[in-house]
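The values are calculated or read from the model by the stated rules, or taken from the named source; none is laboratory data. The shown structure was predicted, so the numbers you read here are calculated from the model rather than taken from an experiment. Reconstructed Cβ throughout: ideal geometry from the backbone, glycine too, with neighbour counts over all protein chains shown. Calculation scope for accessible area: heavy atoms of the full protein, side chains included, ligands and nucleic acids excluded. Shrake-Rupley method; radii C 1.70, N 1.55, O 1.52, S 1.80 Å.
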Amino acid sequence: MIIAIDGPAGAGKGTLAARLAAHYGYHYLDTGLLYRAVGHLMAERGLDLDDPATAGNVARALDPSHLAEGELRGREAGERASRVAVHPEVRSALVDFQRAFALRKPGAVLDGRDIGTAICPEADVKLYVTASPEVRARRRTDELNAKGRDVDYGRILAEIRERDERDAGRASAPLRMAADAVLLDTSALDIEGVFRAALAIIDAKRAEIAANAP
Ligand code: CDP
């Protein structure tokens, strides 16, 4: 069973994906971490994030141990991730790892931008999780403020809009909803509401698969 969850920054994909994986006992991969690690390693080594060949080399040499760094979760790493993620060289270097992960038994949940469209077009369930830029910026601001970081809503909103534009506007695997994905607009839902809605969709699919099994 493969569950693909895509959507823009701050839509709540990660929280949802982790909960679903725990609920069903599936493996979970936050694919954003791969791009974050590439950007982080490049910055650490003083390399040019906008150079496709160098970024591709770093992506090919990426090791799962690079994904454990705490710093990868921060805003700066997210910004760097979206810069290196535009390079086709980086994206293709990360495909095999993601596809192999998706095939792990008994199932896998992957969240990102192009899971349902490019990495796992054959996924059993595809969710496209989104919310208005204002709601996403409000959530991000509250989350950061709760961690004691004094951030400005206006600035976070501007960053979210900029990231949306870069992710949806790039030529290589841009952020878009797969034709067969289910749209989950979380603007008016809390975490529990989103989780319940996703469970209903996935349980229906699992029942269908079980009914068609030989
Ligand atoms: O949750 P948030 O959007 O802040 O971060 P993320 O999911 O870790 O993604 C960071 C950046 O990596 C995104 O803005 C995308 O540019 C890129 N990314 C991608 O291109 N493809 C993916 N499958 C996952 C992330």
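What's the magnitude of the charge dipole for segment 1-112 around its Cα centre, counting Lys and Arg as +1 and Asp and Glu as -1 at the beta-carbon? Answer in Debye, nearest 20.
460 debye
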Query - In order through segment 130-144: 3J(HN,Hα) via Karplus (6.51 cos²θ - 1.76 cosθ + 1.60), integer Hz, x for Gly, Pro - result: 9, 6, 5, x, 5, 5, 5, 5, 5, 4, 4, 4, 4, 4, 6
Report summary line: Length gained if residue 73 through residue 144 is fully extended, taking 0.36 nm per residue and subtracting the Cα-Cα distance, is 24.4 nm
Query raised in the report: How do 45, 91 stack up against each other in accessible area, from largest to smallest, with a 1.4 angstrom probe?
Result: 45, 91
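What number comes out for accessible area per residue over the chain if the probe is 1.4 Å? Units Å², please.
Per-residue value: 48 Å².
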Query raised in the report: Based solely on its DSSP helices, what 222 nm [θ] is calculated for the chain when runs of n ≥ 4 H residues each add -39,500 (n - 2.57) and the sum is averaged over all residues, nearest 500 deg cm²/dmol?
Result: -17000 deg cm²/dmol
Report task. Would you grab the residues whose amide H sits under 5 Å from the one on residue 28? Only those 5+ places off in sequence or on another chain, please, with H modelled 1.01 Å from N. Result -> 109
Requested in this report: Quote to one decimal, in nm, the extra length available between residue 134 and residue 162 on full extension: 0.36 nm per residue of separation minus the C-alpha distance between them.
Outcome: 8.8 nm
Query raised in the report: By per-residue mean of other Cβ atoms within 10 Å, what is the highest-first order of 180-189, 55-64?
Result: 55-64, 180-189
**Report entry** Span from the segment 1-20 Cα centroid across to the segment 129-190 one, whole angstrom
**Finding:** 13 Å
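Multiplying the sequence separation of residue 22 and residue 172 by 0.36 nm and subtracting their Cα-Cα distance, what value in nm do you get?
Here the segment from residue 22 to residue 172 would lengthen by 50.9 nm.
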Query - Cβ-derived FRET efficiency at R0 25 Å, residue 199 paired with residue 122, nearest 0.05 - result: 0.70
Report summary line: Taking a straight Cα-to-Cα line shorter than 30 Å from residue 105, and setting aside same-chain lysines fewer than 8 residues away, one finds 13, 126, 205
